[in-house]
1. LYS153: modelled with pLDDT under 75 and either touching a Pro at 6+ places or on another chain (Cβ under 9 Å) or open to solvent by 80 Å² or more (accessible area, probe 1.4 Å) (or both), yes or no?
2. Give the residue that is farthest from THR8 (Cα to Cα), with candidates limited to residues of the range 51-109 that are modelled with pLDDT under 70 and among the small types (Gly, Ala, Ser).
3. Restricting attention to the range 79-111, which residues are among the aliphatic types (A, V, I, L, M) and either open to solvent by 100 Å² or more (accessible area, probe 1.4 Å) or touching a Gly at 6+ places or on another chain (Cβ under 9 Å) (or both)?
4. Mind listing whichever residues of the range 1-46 are open to solvent by less than 90 Å² (accessible area, probe 1.4 Å) and at positive phi?
5. Go through the range 19-50 and give me each residue that's among the polar types (S, T, N, Q) and closer than 17 Å to THR8 by Cα.
Amino acid sequence: MVKLIKSTVKCYRKKTKKTVGGKRKTYEYNQYLVPLKISDQLECNQDVYVVLENELEGMLNEEGELVGDQKAFQRHIDVYQKELDELEWKHGELSRSYKELVAKNTKNNQLIRKLTSEVENLRLVHQELEKNLKIERENHLALEKRHQLEVKKAQLLEEELSKHKGDFWTSIRSKLVSKEEKDLEN
């Protein structure tokens, strides 16, 4: 059974004073009030509907009960129930889809973190290898210079030897002869 509360709308003019553009202005407007009694037993923050009395008279029968086509009400309830069921089904589908997307996103984030870490490690390895390669190039250049110096020395020695080749045997013979002569003398 619907509980009806009767009250009369009270209307009064309200004035407010505001400063606009440096000038003080007075504004008036209608304020409406629907007074309720303690005996109506309403709770704070309770929602209520206000229906005009002339519209309400067409909705009530002689006993004061709401009238209307019960079948129409039931049809509306059935339509709303069907919409509610469809919305609940869609909510379930969206929840599952959301959970799948969250799981996929989590996996992708983990993969991204892993790949980022690997890229960072590879970058560090690359830097280390680049540094080692630079050192090896410097060592190679130093060895190549030493090799070229040694080749030049060998060429100079060969040239020197080839110049003194005849002299060398001659000097050895003369030394041998001088030694033999010394031996003979002794």
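1. It is false that LYS153 is modelled with pLDDT under 75 and either touching a Pro at 6+ places or on another chain (Cβ under 9 Å) or open to solvent by 80 Å² or more (accessible area, probe 1.4 Å) (or both).
2. Among residues in the range 51-109 that are modelled with pLDDT under 70 and among the small types (Gly, Ala, Ser), the one farthest from THR8 (Cα to Cα) is GLY68.
3. LEU87, LEU94, LEU101
4. Those that are open to solvent by less than 90 Å² (accessible area, probe 1.4 Å) and at positive phi: GLY21, GLY22.
5. From the range 19-50, those among the polar types (S, T, N, Q) are 19, 26, 30-31, 39, 41, 45-46; that's our starting set.
Residues satisfying the conditions are ASN30, GLN31, SER39.
The values are calculated or read from the model by the stated rules, or taken from the named source; none is laboratory data. Since this is a predicted model, take the numbers as computed values, not measurements. Note that each Cβ is placed from the backbone with ideal geometry, even for glycine, and that neighbours are counted across all protein chains shown. Ligands, DNA and RNA are excluded from the accessible area calculation, which covers all protein heavy atoms including side chains. Shrake-Rupley method; radii C 1.70, N 1.55, O 1.52, S 1.80 Å.
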